[in-house]
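Working notes for the structure below.
No value in this document is a laboratory result; all are computed from the given coordinates. Quick caveat: nothing in here was measured; it's all calculated off a predicted structure. Heads up, the Cβs are rebuilt from the backbone with ideal geometry, glycines too, and the neighbour counts pull from every protein chain shown.
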Amino acid sequence: MTPRSNALSRLIANIRRWLYGLRASARDEFLCDSCKYDYRSACNRPERPNARRCPDYERNG
């Protein structure tokens, strides 16, 4: 993978996280409900389990 394609894939992943956060906040949902890190030993953020925005969010599944 070239540095340019690696940077592009990181950009796309960040945009996806932002969009999921935007959707969750618009529908009054919490990100933690659909996050792959939604268990105590994986997520130590103080917002958990009611986060509306999270830099570590990755969709479960």
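Any chance you could give the angle, 0 to 90 degrees and rounded to 10, that helix 3-26 forms with the longest Cα principal axis of the chain? Between helix and principal axis, roughly 20 degrees.
Of D38, D28, D33, how do they rank once you tally other Cβ atoms within 10 Å and put the fewest first? Before the final figure, lay out the partial values.
Values: D38 17, D28 7, D33 12.
Ranking D38, D28, D33 by Cβ neighbours within 10 Å, fewest first, gives D28, D33, D38.
How would you rank R53, R17, going from fewest to most other Cβ atoms within 10 Å of each one's own Cβ?
Details: R53 14, R17 18.
By the 10 Å Cβ count, ascending, the order reads R53, R17.
Note that the range 29-37 has calculated 3J(HN,Hα) couplings of 10, 9, 4, 4, 5, 10, 8, 6, 9 Hz, one per residue in order, obtained from phi through the Karplus relation 6.51 cos²θ - 1.76 cosθ + 1.60 (θ = phi - 60°); glycine and proline are x. Remark on C35: its backbone amide H falls under 5 Å from those of N60, a criterion applied only to residues 5 or more positions apart or on other chains, H modelled at 1.01 Å from N.
Model label points for E47 and E29, set 7 angstrom from Cα along the Cα-to-Cβ axis, are 1.6 nm apart.
Think of the chain as a dipole: +1 on every Lys or Arg Cβ, -1 on every Asp or Glu Cβ, centred on the Cα centre; then among Y37, G21, S9, S9 lies furthest on the positive end.
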